[in-house]
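The values are calculated or read from the model by the stated rules, or taken from the named source; none is laboratory data. Keep in mind that what you see is a predicted model, and the values were worked out from it rather than measured. Neighbour counts are summed over all protein chains in view; Cβ atoms, including those assigned to glycine, are modelled from backbone coordinates with ideal geometry.
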Amino acid sequence: MGSVVISLDAELGWGFHDLPEPPIERVESGRRGWKSMLELLDEFDVPATWAVVGHLMLEDCDADHAEYPAPDGWFDRERTDWADRKDLRFGRDLVRDILESDVAHEFASHSFSHVLFGRPETDRELAIAELERSRELAAEWDRSIDSFIYPRNSIGHRDVLAEYGITAYRGSSPTRDGVRGVFDSTIRDRSMLVTPTVDEYGLVDVPASMFLFGFEGPARTVAESIWEDPMVVLARRGIDEAARTDGLFHMWLHPNNLTHQRDDRRMRAILSHLERKRSETDLTVETMTEIAGRVTEPTMGERATARWG
Ligand SMILES: [Zn+2]
Ligand SMILES: [Zn+2]
């Protein structure tokens with residue numbers, strides 16, 4: 001049985017708050033893209049893994065976070081440029097929309113304040129604080145956190161994840177992003193499928209197959225004018241490959257990647273292809289936690305040994 005996973009890094013302003021020049025279009029598209037993705041996933045009945053930045057679930061904050069073990073200045077933007085931009089710093093309405101959706105989305109974590117875990121200056125204390133705060137907020141919302149998506153895919157402190165009860169994280173993709181990825185999979189015919197593995201902490205690494213918005217800017221415009229959207233072509237290949245085999249195809253994106261209608265069209269084209277394949281084959285759509293459950297579940301043989309051996 002082939003399987004498809006879609007994961008989303010849901011962050012509003014938090015994906016960019018540490019950048020000297022946040023990309024305005026992306027920043028301003030966070031809410032729009034979030035709603036568009038929820039509507040599309042609802043229309044095509046596709047459950048996704050939504051990794052949410054914990055700070056978005058706060059009612060309010062002092063923009064100071066003085067007790068928080070982050071480097072000086074980490075929350076500066078909340079006090080300066082974005083002091084009046086609560087729409088970028090909080091998103092309880094949007095988180096509620098995920099939880100109340102008719103589709104059984106997975107609620108996952110994208111840390112508390114988008115700390116980059118793989119950076120050497122991110123110490124264990126900060127990693128713990130990010131998990132601790134996220135878990136507290138989830139509990140306030142009657143949720144647990146089973147899957148974690150590292151901000152900017154910067155992997156680190158996996159032992160802390162394991163300590164905080166996480167079972168799965170999104171690992172890095174074996175496929176290159178953007179134009180190179182298109183080359184690898186179309187010209188070199190490289191597989192788009194990934195294999196989840198269990199790491200030394202017992203966490204399941206569910207690697208990404210492809211980032212759906214790695215082919216942007218002028219190259220995209222040219223490609224679309226002479227051909228069709230290369231990312232749709234690639235996603236279709238991945239979906240078909242998963243349907244043909246019993247492999248896993250894992251796509252990911254940020255809601256804020258949907259900056260224009262043409263981005264909505266890309267997602268609609270991919271989701272309608274997925275819908276077709278689901279109806280024609282026994283292809284399934286799963287969440288990261290469901291994948292982890294399958295990977296760690298003892299095999300029939302092991303169960304028999306545990307029981308009888
Ligand atoms: Zn704050
Ligand atoms: Zn992010």
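Restricting D76, D64, D72, D84 to those that are in contact with a Phe, Trp or Tyr (Cβ under 8 Å, 6 or more places away or on another chain) and either more than 30 Å from T284 (Cα to Cα) or among the small types (G, A, S) (or both) reduces the list to D64.
Working carefully through the options D81, D93, find the one that is within 14 Å of ligand 1 (Cβ to nearest atom) and free of Cβ contacts under 8 Å to residues at least 40 places away in the same chain. Residue meeting the stated conditions: D81. For region 123-181, the set of residues classified as under 19 Å from T296 (Cβ atoms) and of a type in the set (K, R) consists of R158, R170, listed by residue number. Tell me, yes or no, whether region 9-29 has at least one residue that is closer than 25 Å to A138 by Cβ, in contact with a His (Cβ under 8 Å, 6 or more places away or on another chain) and more than 13 Å from ligand 2 (Cβ to nearest atom). Checked against the condition, which is being closer than 25 Å to A138 by Cβ, in contact with a His (Cβ under 8 Å, 6 or more places away or on another chain) and more than 13 Å from ligand 2 (Cβ to nearest atom), region 9-29 yields no hits at all. Among the candidates A10, A51, A66, the residue that is under 25 Å from H157 (Cα atoms) and surrounded by fewer than 23 Cβ atoms within 10 Å (Cβ to Cβ) is uniquely A66. When G13 is tested against (1) small (G, A, S); (2) modelled with pLDDT of 95 or more; (3) within 16 Å of ligand 1 (Cβ to nearest atom); (4) more than 19 Å from A108 (Cα to Cα), just one condition goes unmet, and that condition is (4). Give region 71-87 a look and list any residue that's surrounded by 18 or more Cβ atoms within 10 Å (Cβ to Cβ) and either more than 16 Å from ligand 2 (Cβ to nearest atom) or under 23 Å from R143 (Cα atoms) (or both), or say none. Selection gives F75, E78, W82.
Among the conditions (1) of a type outside the set (F, W, Y); (2) in contact (Cβ under 8 Å) with a residue 40 or more places away in the chain; (3) surrounded by fewer than 24 Cβ atoms within 10 Å (Cβ to Cβ); (4) not in a helix (DSSP H, G or I), the only one that V233 does not satisfy is (4). For region 117-157, the candidate set comprises residues that are acidic (D, E) and surrounded by 15 or more Cβ atoms within 10 Å (Cβ to Cβ); within that set, the residue that is nearest to L58 (Cα to Cα) is E130. Within region 68-126, the set of residues being touching a Pro at 6+ places or on another chain (Cβ under 6 Å), more than 21 Å from V46 (Cβ to Cβ) and not hydroxyl-bearing (S, T, Y) comprises H114, L116, E125, L126.
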